[in-house]
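> After the structure tokens below, expect a handful of questions from me.
Please treat every number below as a calculation from the coordinates, not as lab data. Fair warning: this is a prediction, and the values are worked out from it, not measured in the lab. Here the Cβ positions follow ideal geometry from the backbone for every residue, glycine too, while neighbour counts run over all protein chains shown.
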Amino acid sequence: QVHLVESGGGSVQAGGSLRLSCAASGSIDTMGWYRQAPGKLRELVARIFSDGSPDYADSVKGRFTISRDNAEMTVYLQMNNLKPEDTAVYYCYAWYHETYWGQGTQVTVSS
């Protein structure tokens, strides 16, 4: 069983930045972030594979950067130039034989 602990959400104005962190309690392979806005389906934001290669949703390319520290089993999501449409609950996830989820952290971007 792998536990994920997220931190770093909050409220910012449009154009601002936030950094999310997610620490895993055990071995993991792929890690990443999904988000879910009110009334919408959960969508993939970004993921990073064990070799460090990233994958981004088109809506965040050029604004968000995902990275990981394998020694600390932690994944980061640097979010720059935030837009009101980025407002959502962000969920960390990790995959290692099965999928694990964090508790979610709220990101609110005001115009």
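> Report the Cα-based extents of the stretch 72-111 along its three principal axes, largest first, to the nearest Å.
40, 18, 12
> Report the local net charge at residue 110: Lys and Arg +1, Asp and Glu -1, summed over other residues whose C-beta lies under 14 Å from its C-beta.
For residues surrounding residue 110, the net value is -1.
> Kindly state, as a whole number, the per residue volume in cubic angstrom of the convex hull around the alpha carbon atoms of the stretch 6-80.
102
> Output ³J(HN,Hα) for the stretch 82-94: one whole-Hz value per residue in order, computed from phi by the Karplus curve 6.51 cos²θ - 1.76 cosθ + 1.60 with θ = phi - 60°, and x for Gly and Pro.
Rounded to whole hertz, the list is 5, 10, x, 6, 7, 4, 4, 8, 9, 10, 7, 9, 9.
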